[in-house]
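One structure is given here, and the rest of the page talks about it.
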Amino acid sequence: MASTASNTSKVEKTVSLIWGCELSEQNKTFEFKVSDEGKTEHQLALRTICLGDKVKDEFHIVEIVPPEQEGSDAKPVPIATLKPSILPMATMVGIELAPPVTFRLKCGSGPVFISGQHVALEDDYSWAEEEVEEEVEEEEDEDPESPPKAVKRPAASKKAGQAKKKMDEESSEEDSPVKKGKGAGRGRKPAAKK
């Protein structure tokens with residue numbers, strides 16, 4: 001019997017992609033934005049911010065610039081301050097941002113590399129397709145014109161057959177007189193005659 005799910009239940013499928021950008025003296029800002037404005041929910045989970053191999057020994061400050069909104073006096077938030085001789089890389093834990101997000105190299109010449117995961121939660125309707133396939137299979141099973149299916153029974157194992165044969169031999173030995181020759185010492189001893 002197929003399980004039914006209501007059409008109002010929402011199942012999401014997670015798609016995760018590696019993401020990265022570079023900030024430098026030439027490109028001081030980078031905006032992470034998504035063109036898909038559908039029902040898909042997007043998130044950017046930051047993982048690392050690190051300096052390039054040929055960076056100057058100076059402080060590099062990376063910040064997130066909030067989106068400009070009327071009446072909002074939100075200020076940029078620094079997320080990493082790096083210097084090659086002290087701290088060339090920072091690991092980000094628990095920073096998950098919703099697009100659009102703008103990163104800016106406030107101080108330093110770079111290059112500074114930011115990496116993370118772009119996570120998209122897509123609506124998943126594969127359960128509906130599986131349910132339709134199960135209903136079709138059930139309808140095929142209920143076809144009255146189809147011949148009845150043979151019921152398969154497990155074959156008796158070799159050991160079970162040997163055990164039955166041995167039991168039959170033992171019961172016949174008890175009823176028959178004592179045999180001499182091959183196998184005479186096996187099995188039960190005959191009862192003493194009184």
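The values are calculated or read from the model by the stated rules, or taken from the named source; none is laboratory data. Because the structure is a prediction, the values reported are computed rather than measured. Note that each Cβ is placed from the backbone with ideal geometry, even for glycine, and that neighbours are counted across all protein chains shown. What goes into the accessible areas is simple: the full protein's heavy atoms, side chains included, and nothing from ligands, DNA or RNA. Shrake-Rupley method; radii C 1.70, N 1.55, O 1.52, S 1.80 Å.
Quick rundown of the values:
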| item | result |
| --- | --- |
| Unmet requirement for residue 77, which otherwise passes all of (1) at pLDDT 90 or above; (2) farther than 22 Å from residue 118 by Cβ; (3) open to solvent by 30 Å² or more (accessible area, probe 1.4 Å); (4) not basic (Lys, Arg) | (2) |
| Cross-chain or 6+ apart pairs with Cβ under 8 Å, the stretch 38-64 first and of a type in the set (Phe, Trp, Tyr), then part of a strand (DSSP E or B) | 59/81; 59/82; 59/83; 59/107 |
| Enumeration of residues in the stretch 108-127 that are among the hydrophobic types (A, V, I, L, M, F, W, C), assigned to a strand (DSSP E or B) and modelled with pLDDT under 95 | 119, 120, 121 |
| Identity of the residue in the stretch 26-66, closer than 23 Å to residue 89 by Cβ and among the hydroxyl-bearing types (Ser, Thr, Tyr), that ends up surrounded by the fewest Cβ atoms within 10 Å (Cβ to Cβ) | 29 |
| Matching residues, the stretch 19-36, being among the hydrophobic types (A, V, I, L, M, F, W, C) and either part of a strand (DSSP E or B) or at pLDDT 95 or above (or both) | 19, 21, 23, 30, 32 |
